């Protein structure tokens with residue numbers, strides 16, 4: 001279990017002028033898109049801007065849970081030569097400069113298996129990573145993984161994912177996970193896309209509260225203050241992935257002087273944190 | 001990960017899918033288990049296999065080929081005589097019936113050579129289901145006529161231009177489609193791959209191959225064969241051809257992988273011969289991967305064998321030593337393609353030609369009392385254009 005993560009999740013609930021709804025904000029970035037230095041700079045900037053937790057994606061060629069935007073980001077990172085070793089180097093660099101903002105690594109399994117699960121867990125912990133999101137690892141089959149986690153990386157938290165289709169058994173087994181948060185999918189399918197927050201979704205998230213003591217962080221298709229305001233009543237945080245990755249990708253595709261780019265990057269960080277400001281009007 | 005569980009073959013298989021899809025897999029498994037036991041379902045399946053697909057197909061003694069090679073007696077299991085020209089129809093009808101029982105109205109499928117796509121489009125036409133076939137763009141070019149056949153049958157073919165544009169990318173897209181549309185959609189997987197329960201479903205519907213072959217060889221020869229040979233891409237025809245012989249320890253089970261330009265060139269699609277275990281497309285199997293755990297580009301003359309992974313049960317049969325997995329090159333497969341065409345008047349699919357090629361290697365080393373069964377999984381009509389282009393350019 002990660003104390004850093006617990007602390008950050010708790011802090012995210014505090015009502016402050018910059019966080020009037022008391023809702024956590026977690027950006028997702030693809031590591032190495034467009035290159036490791038840029039990812040590091042953006043992580044540091046987002047952390048400074050006040051995000052509560054950073055989710056960092058490990059690029060993989062066949063990402064089963066990701067929509068076109070994150071797929072493309074992963075492809076760009078792979079073409080740049082990004083790999084798991086370099087991702088760990090990146091998180092270690094981040095941790096050297098920031099000791100407050102937790103990092104959750106989102107990865108498909110095969111790169112970890114190829115690296116060697118035990119070495120990976122040890123190295124992840126020593127590289128400043130605080131938790132793992134493994135979309136392909138079925139929770140009901142994760143017990144041997146959890147044992148390894150306890151043994152080799154006791155300071156890491158495994159973040160469970162919950163879908164609206166998840167069975168009662170699945171939820172029951174989740175209640176054993178006492179730390180971190182539950183990653184709740186706001187909608188059907190894969191990352192990105194349009195996500196109107198339906199009443200049925202709110203109802204569903206509310207019902208999860210009866211089953212789970214974990215804080216609930218909702219992801220998949222989050223991009224507007226309206227969505228966040230709706231969700232604030234039923235969950236503790238949101239994860240913003242595709243919408244952010246898309247903004248960065250647009251910026252990277254522009255032919256601008258470096259100074260201009262840095263300025264636009266600042267604007268993106270401001271946009272992200274402003275998602276939890278209910279007074280702002282939709283763009 | 002966890003071992004000796006439902007859906008595992010040794011340490012292979014399993015269901016490594018996002019939580020959203022897990023529920024879908026559970027529902028499919030539940031219905032499959034129910035259908036398997038249901039006499040009505042089996043009656044309907046048998047009816048279509050017999051009256052529509054043309055089963056049983058012959059186990060043909062290839063006398064000319066046997067004489068020419070001089071050695072073991074060679075029998076050919078004639079899956080290429082099935083309706084649509086390959087073994088793929090066995091599984092397509094079976095799964096389409098399951099989809100119908102689940103109340104699904106839309107079928108999606110991946111295809112490499114197009115044989116599974118054609119079989120699926122056919123089953124959808126028969127049962128009145130909407131049909132979308134995902135196919136790598138590279139494959140749509142080398143199998144253009146099969147694409148057209150699918151369209152004639154009313155299917156929509158979506159060409160995927162990501163990555164290598166082969167079966168891997170087609171499966172990626174189909175899985176994403178399923179995650180989005182599972183309410184009305186059934187993913188009809190053609191290879192013995194994918195998350196549990198798919199490898200078991202495909203084996204179940206393909207094991208009719210060895211069920212017939214066993215009865216047929218016992219009738220013809222009064223004994224079991226010495227070996228059964230089949231080509232292995234994902235491994236659906238091979239697992240079907242092996243299934244009813246797995247417990248007969250005297251029968252060698254030989255799977256033939258595509259060595260492409262040669263195993264040492266890196267241009268192949270032979271995970272069992274030149275890969276290592278990994279997790280891809282929701283299951284654990286041998287796969288061709290780089291040192292970072294990303295799948296490597298594969299190559300085979302035969303689109304239907306051009307896949308980075310292989311069925312979990314084949315991975316297990318290899319480790320346990322029950323199965324033998326060898327490989328033949330593009331050129332050897334092409335030679336065997338002509339060999340069978342000219343000695344027996346049977347034009348095999350390039351996939352099946354891999355099995356013929358290995359039979360041609362080992363038959364001369366065996367005695368005339370010994371018996372080989374070679375599964376001719378498909379017919380070569382679909383490959384004629386490709387070979388025409390290769391030889392006339």
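If the condition is being assigned to a helix (DSSP H, G or I) and either surrounded by fewer than 18 Cβ atoms within 10 Å (Cβ to Cβ) or within 14 Å of chain A (Cβ to nearest Cβ) (or both), then the stretch B:236-273 contributes B:263, B:264, B:265, B:271. Consider the stretch A:41-62. How many of its residues are in a loop (DSSP other than H, G, I, E, B) and over 14 Å from residue A:24 (Cβ atoms)? Final tally of qualifying residues: 5. For residue B:138, the conditions (1) part of a helix (DSSP H, G or I); (2) out of contact with any strand residue (DSSP E or B) (no Cβ under 8 Å at 6 or more places or on another chain); (3) within 10 Å of chain A (Cβ to nearest Cβ); (4) farther than 22 Å from residue B:13 by Cβ are fulfilled apart from (3).
Of the strands (runs of 3 or more DSSP E) entirely within the stretch A:176-278, those holding at least 1 residues that are under 17 Å from the mean Cα position of the chain (by Cα) and modelled with pLDDT of 95 or more occupy A:216-219, A:237-240.
The rows are residues; the columns are (1) assigned by TED's automatic domain parsing to the domain that holds residue B:374; (2) closer than 22 Å to residue B:110 by Cβ; (3) modelled with pLDDT of 95 or more; (4) more than 18 Å from the chain's Cα centre (by Cα).
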residue	(1), (2), (3), (4)
B:224	yes, no, yes, yes
B:229	yes, no, yes, no
B:236	yes, yes, yes, no
B:243	yes, no, yes, no
B:254	yes, no, yes, no
B:270	yes, yes, yes, no
B:291	yes, no, no, yes
B:296	yes, yes, no, yes
B:306	yes, yes, no, no
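The set of residues in the stretch A:78-89 that are assigned to a helix (DSSP H, G or I) and within 11 Å of chain B (Cβ to nearest Cβ) comprises A:78, A:84, A:85, A:86, A:87.
Going by the structure shown, is residue B:22 within 14 Å of another protein chain (Cβ to nearest Cβ), in contact with a helix residue (DSSP H, G or I) (Cβ under 8 Å, 6 or more places away or on another chain) and assigned to a helix (DSSP H, G or I)? The answer is yes for residue B:22. No other residue among A:181, A:120 is more than 9 Å from chain B (Cβ to nearest Cβ), free of Cβ contacts under 8 Å to residues at least 60 places away in the same chain, on the phi < 0 side of the Ramachandran plot and in contact with a helix residue (DSSP H, G or I) (Cβ under 8 Å, 6 or more places away or on another chain) apart from A:120. Determine whether residue A:66 is within 30 Å of residue A:10 (Cα to Cα), within 14 Å of chain B (Cβ to nearest Cβ) and in contact (Cβ under 8 Å) with a residue 60 or more places away in the chain. The answer is yes for residue A:66. For the stretch A:97-133, the tally of residues that are in a strand (DSSP E or B) and over 17 Å from the mean Cα position of the chain (by Cα) stands at 0. Could you tell me whether the stretch B:87-107 includes any residue that is touching a residue at least 60 places away in the same chain (Cβ under 8 Å), under 18 Å from residue B:168 (Cβ atoms) and either buried (at least 24 other Cβ atoms within 10 Å of the Cβ) or over 16 Å from the mean Cα position of the chain (by Cα) (or both)? No, the stretch B:87-107 has no match at all.
With respect to residue B:50, determine if the residue is more than 19 Å from residue B:199 (Cβ to Cβ), assigned to a helix (DSSP H, G or I) and modelled with pLDDT under 95. Explain how you work it out, then say what you get.
Values: more than 19 Å from residue B:199 (Cβ to Cβ): yes; assigned to a helix (DSSP H, G or I): yes; modelled with pLDDT under 95: no.
Against the criterion (more than 19 Å from residue B:199 (Cβ to Cβ), assigned to a helix (DSSP H, G or I) and modelled with pLDDT under 95), residue B:50 does not qualify.
Tell me yes or no: at least one residue of the stretch B:15-27 is touching a residue at least 12 places away in the same chain (Cβ under 8 Å), surrounded by 20 or more Cβ atoms within 10 Å (Cβ to Cβ), outside the structural domain of residue B:336 (by TED's automatic domain parsing) and closer than 16 Å to residue B:92 by Cα. Scanning the stretch B:15-27, I find no residue that is touching a residue at least 12 places away in the same chain (Cβ under 8 Å), surrounded by 20 or more Cβ atoms within 10 Å (Cβ to Cβ), outside the structural domain of residue B:336 (by TED's automatic domain parsing) and closer than 16 Å to residue B:92 by Cα, so the answer is no.
Return the total of residues in the stretch B:293-314 being within 14 Å of another protein chain (Cβ to nearest Cβ) and buried (at least 24 other Cβ atoms within 10 Å of the Cβ). Break it down stepwise before answering.
Filtering the stretch B:293-314 for residues within 14 Å of another protein chain (Cβ to nearest Cβ) gives B:293-298, B:307-309.
With buried (at least 24 other Cβ atoms within 10 Å of the Cβ) added as a condition, the list becomes B:293, B:295, B:298, B:307-309.
Adding up the residues that qualify gives 6.
Can you tell me which of (1) assigned to a loop (DSSP other than H, G, I, E, B); (2) surrounded by fewer than 22 Cβ atoms within 10 Å (Cβ to Cβ) is the one residue A:144 doesn't meet? Evaluating residue A:144 over (1) assigned to a loop (DSSP other than H, G, I, E, B); (2) surrounded by fewer than 22 Cβ atoms within 10 Å (Cβ to Cβ) leaves (1) as the failure.
For the structure I just gave you, tell me whether residue B:36 is assigned by TED's automatic domain parsing to the domain that holds residue B:375, surrounded by fewer than 19 Cβ atoms within 10 Å (Cβ to Cβ) and part of a helix (DSSP H, G or I). In short, no. Can you pull out the residues in the stretch A:95-116 that are surrounded by fewer than 18 Cβ atoms within 10 Å (Cβ to Cβ) and closer than 20 Å to residue B:289 by Cβ? Once the filter is applied, which keeps residues that are surrounded by fewer than 18 Cβ atoms within 10 Å (Cβ to Cβ) and closer than 20 Å to residue B:289 by Cβ, the stretch A:95-116 yields only A:116.
Residues of the stretch B:298-314 that are in a helix (DSSP H, G or I) and out of contact with any helix residue (DSSP H, G or I) (no Cβ under 7 Å at 6 or more places or on another chain): none at all. For residue A:92, the conditions (1) more than 10 Å from chain B (Cβ to nearest Cβ); (2) surrounded by 24 or more Cβ atoms within 10 Å (Cβ to Cβ) are fulfilled apart from (2).
Per the conditions (1) more than 26 Å from residue B:147 (Cα to Cα); (2) crowded, with 22+ Cβ neighbours inside 10 Å, the sole criterion not satisfied by residue B:349 is (1). In the stretch A:150-172, the residue that is farthest from the other protein chains (Cβ to nearest Cβ) out of those that are part of a helix (DSSP H, G or I) and within 30 Å of residue A:206 (Cβ to Cβ) is A:172.
Kindly establish whether residue B:203 is more than 14 Å from every other protein chain (Cβ to nearest Cβ) and free of Cβ contacts under 8 Å to residues at least 60 places away in the same chain. Criteria not met by residue B:203.
Here residue B:6 clears all of (1) part of a helix (DSSP H, G or I); (2) surrounded by fewer than 23 Cβ atoms within 10 Å (Cβ to Cβ); (3) within 14 Å of chain A (Cβ to nearest Cβ) except the condition numbered (1).
For the stretch B:27-50, state whether one or more residues are within 14 Å of chain A (Cβ to nearest Cβ) and on the phi > 0 side of the Ramachandran plot. No; the residues of the stretch B:27-50 include none that is within 14 Å of chain A (Cβ to nearest Cβ) and on the phi > 0 side of the Ramachandran plot. Inspection of the stretch B:180-188 finds a residue satisfying the criterion of being closer than 23 Å to residue B:44 by Cα, in contact (Cβ under 8 Å) with a residue 40 or more places away in the chain, within 14 Å of chain A (Cβ to nearest Cβ) and within 19 Å of the chain's Cα centre (by Cα). All conditions but one from (1) within 14 Å of chain A (Cβ to nearest Cβ); (2) surrounded by fewer than 24 Cβ atoms within 10 Å (Cβ to Cβ); (3) farther than 20 Å from residue B:114 by Cα apply to residue B:226; the one that does not is (1).
One residue alone among A:76, A:42 is buried (at least 16 other Cβ atoms within 10 Å of the Cβ), more than 28 Å from residue A:138 (Cβ to Cβ) and either more than 18 Å from the chain's Cα centre (by Cα) or at pLDDT below 95 (or both), and that residue is A:76.
The values are calculated or read from the model by the stated rules, or taken from the named source; none is laboratory data. Note that this is a predicted model, so its numbers are computed, not measured. Using ideal geometry, Cβ is built from the backbone for each residue, glycine included, and neighbour counts are taken over all protein chains shown.
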